[in-house]
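Notes follow once the structure below has been shown.
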Amino acid sequence: MRTSRSVLALAAAALTAAALVAAPTTAQAAETVTVTPLHFKVDIGPTGSEVCDIVGDLYLPASASSTNRVPAILTTNGFGGSKDDQAGIGTEFAGRGYAVLSYSGLGFGGSGCKITLDDPDWDGKAASQLVSYLGGKSGIAFTDAKHTVAAPVLDVVQRDAKDHAGHAVANDPRVGMVGGSYGGQVQYAAAAVDKRVDTIVPVITWSDLSYSLSPNNTSQTVGVQTSTPGAAKLVWALGFSGIGIADGVANAAGDPGRLIGCPNFAFFVCPALVVAGVTGTVDATTTASLRHASVSSYVSKVTVPTLVIQGQNDTLFNLNEGIANYRALQAQGTPTKMIWFSGGHSGPNAPGEFSFSSPNSATEHVTRRVSDWLDHYLKGSSVGTGPEFAYFRDWVPYTGIATPAYGSASSYPVGTATKYYLSGSALTTNPLGLKAATQNFLTPVAGVPTSTDPLDVIGSALPLPEIDLPGTTATWTTAALTANVDVVGSPSLRLQVKSPTAALTQALGSTGQLVVFVKVLDVDPAGKATLIHNLIAPVRVPDVTKPFTVTLPAISHRFATGHQLRLMVAGGSTNYRGGLTPNAVSITTGSASQALTLPVVK
């Protein structure tokens, strides 16, 4: 990645999630690897009428030949990155006996055409044609950007007799995909349009992009989809748009057409940004476009074994998105497992999980899981693929490999639902004798921030204390805990609010609805409150005259003995555009129907 002092460069670094790779074991010496730069001519779009140039690097083990064929891996970059970011996976997996093709996604890193947000009709079709190249098809790979000098046909990759739909298809390689963030979603798109893909390992990616960029943690219908769009993410949206446009300008000489209309983005993106900036949310047309580029809309077409890996420290694509994908795949019978690791777009990985510069399956827990998964499904190895669900516990000490810090289960969800009832200004597990009291707060005009939540994208680099303006929150806090409370999963909150002004304006639609922000904080014995991984649940309340349920972002967190657990409902947030109109809000306790429910693991 290019180095810059700007916030956008920091966002690019965060969004460019390199794939997880495995180093050879001591019993398997690394092979000599060759790297060949290539250009690919792909036809994309709903009708296949748009031609693009894709740049890529082919990594081959020296032993691969037409008589000693090897399985293949296809990988691409995160948002703002390039094929070069995947050099680790290329070198390491080729050294383990795989053919690896790393490429720059459409609109990024020297590849032409616009950014289409991993839409199956564009990015999925492009990846499918690279699968054909790996399967030995001619007329796709060239040595020049003008596609005048054809590259040799690839004849060293294993072939399959039938695809995953049971059909005999030409140029069917034994191929899996690995990649993170933007390079994760494209795997779903490719697997949906091409049944020749044999397995995928999507890391820290989305389920529904309308939720990712404008989440509403109530009114949820399927997965993370909601019937009422939520609050637009400010910092992430600025990062995305700035990075994409900058990449388009930098590479305009090779494809100047990408700057026409919405610069370097699909045409709907620029108007969507304007609407979100004005209204604080996304409109129906934008929601439909974002969902078309999301696996939630086509998950029934994804039938290959899938290892879902999601990050606990991620305010862009939080754990709920991985959970939604896992559950949808499981429900339709797709072989699927799920791992929650410590890092993500918003924070670093823990030692001994995986590394991008020098991966090693002997010393890194998640790297080993990925290595075993690919060996099992691509090489036919008898190695196991690990537990159904695994999650990192940052409260477990260890040295070396992170395996001891991982809890596991045979299914998800885990834990016992434990209710904490709202009582006056307290949270209590006892439903009897709840105190009737009312807390009042204000939401700001024009959705301006009322807190100092750490900024998304750069939050881990510039941590800020949790401070909210007086009169803009309602809070409930437990007594000091007498035992550890380990929470693994999505907390939920059943709540009833009153807001006379919002009741009058909500008939206007999203611009008149009440927007609040729900948080769970850990308060240490000194009284310092910490927002867990900066995770917030924005809520655009469809009808303030009725109770509603909030599904908060999932966590894996220990509330230690002596600490307190705090629930906060706030009127504004640093990272989101709140409601446009100021509202007086009141919450009255005393009923057992209002409670925070935590999935507690013993």
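The values are calculated or read from the model by the stated rules, or taken from the named source; none is laboratory data. These figures come from a predicted structure and were not determined experimentally. Cβ atoms come from the backbone with ideal geometry, glycine included; neighbour counts cover every protein chain shown.
Of note:
- If only residues of the range 30-58 that are of a type in the set (Asp, Glu) and assigned to a strand (DSSP E or B) are counted, the one that is surrounded by the fewest Cβ atoms within 10 Å (Cβ to Cβ) is ASP43.
- Residue in the range 162-177 that is assigned by TED's automatic domain parsing to the domain that holds PHE79 and within 29 Å of GLY347 (Cβ to Cβ) present: yes
Let's see how each residue does on (1) closer than 21 Å to PRO202 by Cβ; (2) among the hydrophobic types (A, V, I, L, M, F, W, C):
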position: SER355; (1), (2): yes, no
position: ALA362; (1), (2): no, yes
position: VAL366; (1), (2): yes, yes
position: PHE392; (1), (2): yes, yes
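- ALA436 vs. criteria more than 30 Å from TRP340 (Cβ to Cβ), loosely packed, with under 12 Cβ neighbours inside 10 Å, touching a residue at least 12 places away in the same chain (Cβ under 8 Å) and of a type in the set (A, V, I, L, M): yes
- Filtered by the rule that a residue be in contact with a strand residue (DSSP E or B) (Cβ under 7 Å, 6 or more places away or on another chain), closer than 25 Å to SER104 by Cβ, surrounded by fewer than 21 Cβ atoms within 10 Å (Cβ to Cβ) and in contact (Cβ under 8 Å) with a residue 24 or more places away in the chain, the range 144-173 gives ASP144, ALA145, HIS147, ALA151, VAL156.
- One residue alone among VAL539, VAL523 is touching a residue at least 40 places away in the same chain (Cβ under 8 Å), hydrophobic (A, V, I, L, M, F, W, C) and over 21 Å from THR429 (Cα atoms), and that residue is VAL539.
- Extreme residue, surrounded by the fewest Cβ atoms within 10 Å (Cβ to Cβ), among residues of the range 98-120 that are over 24 Å from SER297 (Cβ atoms) and of a type in the set (A, V, I, L, M, F, W, C): ALA99
For every residue, the table says whether it meets (1) within 31 Å of the chain's Cα centre (by Cα); (2) surrounded by fewer than 20 Cβ atoms within 10 Å (Cβ to Cβ); (3) of a type in the set (Phe, Trp, Tyr).
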site: LYS546; (1), (2), (3): no, yes, no
site: SER573; (1), (2), (3): yes, no, no
site: ALA592; (1), (2), (3): no, yes, no
site: THR597; (1), (2), (3): yes, yes, no
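Quick grid of which residues meet (1) assigned to a loop (DSSP other than H, G, I, E, B); (2) among the acidic types (Asp, Glu); (3) out of contact with any Lys or Arg (no Cβ under 9 Å at 6 or more places or on another chain); (4) surrounded by 17 or more Cβ atoms within 10 Å (Cβ to Cβ):
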{"position": "PRO470", "(1), (2), (3), (4)": "yes, no, yes, no"}
{"position": "THR475", "(1), (2), (3), (4)": "no, no, no, yes"}
{"position": "VAL488", "(1), (2), (3), (4)": "no, no, no, yes"}
{"position": "VAL516", "(1), (2), (3), (4)": "no, no, no, yes"}
{"position": "LEU521", "(1), (2), (3), (4)": "no, no, no, yes"}
{"position": "GLY527", "(1), (2), (3), (4)": "yes, no, yes, no"}
{"position": "HIS533", "(1), (2), (3), (4)": "no, no, yes, yes"}
{"position": "ARG540", "(1), (2), (3), (4)": "no, no, yes, yes"}
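- Any hit, the range 580-593, residues being among the polar types (S, T, N, Q), within 20 Å of ALA483 (Cα to Cα) and either touching a residue at least 60 places away in the same chain (Cβ under 8 Å) or not assigned by TED's automatic domain parsing to the domain that holds PRO470 (or both): no
- Restricting attention to the range 543-580 and to residues that are among the charged types (D, E, K, R) and part of a strand (DSSP E or B), the residue that is nearest to LEU521 (Cα to Cα) turns out to be ARG566.
- Of the helices (runs of 4 or more DSSP H) lying entirely inside the range 187-279, those containing at least 1 residues that are closer than 26 Å to GLY343 by Cα and more than 19 Å from the chain's Cα centre (by Cα) span 234-250.
- Residue match in the range 31-46 (condition: closer than 27 Å to GLY343 by Cβ and either assigned by TED's automatic domain parsing to the domain that holds ILE260 or at pLDDT 95 or above (or both)): no
- Residue match in the range 256-274 (condition: of a type outside the set (Gly, Ala, Ser) and in contact with a strand residue (DSSP E or B) (Cβ under 7 Å, 6 or more places away or on another chain)): yes
- Odd one out for SER358, checked against (1) more than 23 Å from LEU531 (Cβ to Cβ); (2) surrounded by 24 or more Cβ atoms within 10 Å (Cβ to Cβ); (3) at pLDDT below 95: (2)
- Screening THR287 against (1) out of contact with any Gly (no Cβ under 9 Å at 6 or more places or on another chain); (2) part of a loop (DSSP other than H, G, I, E, B); (3) among the hydroxyl-bearing types (Ser, Thr, Tyr) leaves a single unmet condition, (2).
- Residue in the range 538-550 that is in contact with a strand residue (DSSP E or B) (Cβ under 9 Å, 6 or more places away or on another chain), over 19 Å from SER219 (Cβ atoms) and among the β-branched types (Val, Ile, Thr) present: no
- VAL383 closer than 21 Å to VAL308 by Cα, of a type in the set (A, V, I, L, M) and not assigned by TED's automatic domain parsing to the domain that holds ALA584: yes
- Any chance GLY95 is surrounded by fewer than 24 Cβ atoms within 10 Å (Cβ to Cβ) and closer than 22 Å to ARG159 by Cα: yes
- Checking ALA231 against (1) over 30 Å from LYS379 (Cα atoms); (2) surrounded by 17 or more Cβ atoms within 10 Å (Cβ to Cβ); (3) out of contact with any Pro (no Cβ under 6 Å at 6 or more places or on another chain), the condition it does not meet: (3)
- Screening GLY239 on (1) more than 30 Å from TYR412 (Cα to Cα); (2) surrounded by 19 or more Cβ atoms within 10 Å (Cβ to Cβ); (3) out of contact with any strand residue (DSSP E or B) (no Cβ under 8 Å at 6 or more places or on another chain); (4) at pLDDT 85 or above shows it passes everything except condition (4).
- Subset of the range 591-601 (residues that are part of a loop (DSSP other than H, G, I, E, B) and out of contact with any Gly (no Cβ under 8 Å at 6 or more places or on another chain)): SER591, ALA592, SER593, GLN594
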